[in-house]
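Coordinate-derived values only; no laboratory data. Not measured: the values here are computed from a predicted model. Neighbour counts run over all protein chains shown; Cβ positions are idealised from the backbone, glycine included.
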Amino acid sequence: MSVQINRRKFLQALIAVGASYSIPAKATNAEIDNIWTQAQESPWYFEVNDQGTLVDPDVSEPQVWSDIFDSISIWQFENSKHVINEVKACMPLAAFFNQELENELCGLEEDLNTGKYRSPSERMSLEKKIKTLTEFQDEYEDPWMDWVELEGAEGVSKFKALIDKWLNEPIDWGQSEWFPLRSGSQGRAFGFFQDQPHELLNALGIVVVEGEHPGSTYYAAELRGSLDHANEYAEKLGLPFRFKPHVDQA
C-alpha cells in the first residue's frame, strides 16, 4: 500500500503535539529526509487508553480555564473594543462576564443602601449607573458588552483583571460544548490524526470520530485495531511515531 506523505509538514505536525524533533528554519529536502530517518530510531509515541481513544502523553489534563483557552491574551488590550473582541470569542468567558455584571450591580446597590456615597452628586451618579446597568440586563442579550463600553478606557484594567481571574479558575466541564476541539491530550491527538490522509488512517486502523451523534461533543481519534497491528504498519510505512498503552497517572 502506498501513502503519500509530505514529510516536512508531517514532522512539523508532530513537533506541534510535543515531539522533540528539530527542523531548521530553511531545511532542505535532504535535511528533512535525514531527520525523518533519525526519527525512526526514536519515534514519538501516542498513547491509547482502555477505550481505544488516542491521547497525547505530552499534554496534562486541563485543570483551569487557561489550560483550555491558552490563546487568550490580555496584555495587548488598549481599549474596550479589544476586551469585547476577546470575550465574545469565548462563550464560557462571556457567561462569566454576565455573572460579574450581576455581582457589580449587587455591590453598587449595597454601596447605595449603606450610604457609602454621602454627597448628593455621588449618590446621583451611583443611582444613574445602577439604572443604566439594570437596563442593560433587562434589554440586551449580552449585557456585558454594554457594561464594557460604559466603563470605557478607564475600565480596561478592571476587565483585564477579571479575565485573568477567570483563566485561573477551575474548569466548568458542563460547558464543554464550547471548548476548542483540539484542546487537552485527547484533542491534540484528534487534531493530528484529523489532518492525516484517510489511506494512512485506514492502514493504521484509526477512525476519527467527529461527534457520535447530532449535538455530541465527543471528538476523538480512536484505534479500532490492535496496538501490535498499528505499530507493525507504522514501522512498515516508515513513520516517525508509534503507539503504546496509556498509563493513568491518577
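Could you line up 233, 21 from fewest to most neighbouring Cβ atoms inside 10 Å? Walk me through the intermediate numbers first.
On the way: 233 18, 21 15.
Ranking 233, 21 by Cβ neighbours within 10 Å, fewest first, gives 21, 233.
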Answer label, with percent of Cα pairs over 27 Å apart calculated from the coordinates and candidates (i) 47; (ii) 53; (iii) 38: (ii)
Take the alpha-carbon centre of region 129-171, take the same for region 45-117, and report the distance between them in whole Å. 13 Å
Let me know the charge dipole size of region 138-250 about its Cα centre in debye, to the nearest 20, where only the beta-carbon of Lys, Arg (+1) and Asp, Glu (-1) is charged. 940 debye
I want to verify a result. In a Gaussian network model of the chain, Cα cutoff 10 Å, which of these has the top mean-square fluctuation: 174, 184, 18? 174
Once fully extended, how much extra length lies between residue 78 and residue 9, figured as 0.36 nm per residue of separation less the alpha-carbon to alpha-carbon distance? 21.2 nm
Quick calc, residue 232 & residue 30: beta-carbon distance into FRET formula, R0 25 Å, rounding 0.05, result 0.30
Percentage relative contact order, region 66-172, counting C-alpha pairs under 8 Å, at least six apart: 45 percent
Among 138, 70, 146, which one moves the most in a GNM of the chain with springs linking Cα atoms closer than 10 Å? 138
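Once the piece of chain linking residue 198 and residue 64 is laid out straight, how much longer is it, given 0.36 nm per residue of separation minus the C-alpha distance between them?
Numbers: separation 134, 0.36 × 134 = 48.24 nm, distance 3.45 nm.
Full extension of this stretch gives 44.8 nm more.
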Can you list the residues of region 155-171 with backbone N under 16 Å from a point 7 Å past the Cα of residue 111, pointing along Cα to Cβ? 155-159
For a quick check, take a GNM of the chain with Cα springs below 10 Å and name the residue from 20, 119, 176 with the largest mean-square fluctuation. 119
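Let me make sure I get this right: for region 1-81, a, b and c are the square roots of the gyration tensor eigenvalues over alpha carbons, sorted descending. Under 1.5 in a/c it's rounded, otherwise prolate if a/b > b/c, else oblate. Which is it? Please list the in-between numbers first.
Working: a/c = 2.80, a/b = 1.45, b/c = 1.93.
Note, shape of region 1-81 comes out oblate.
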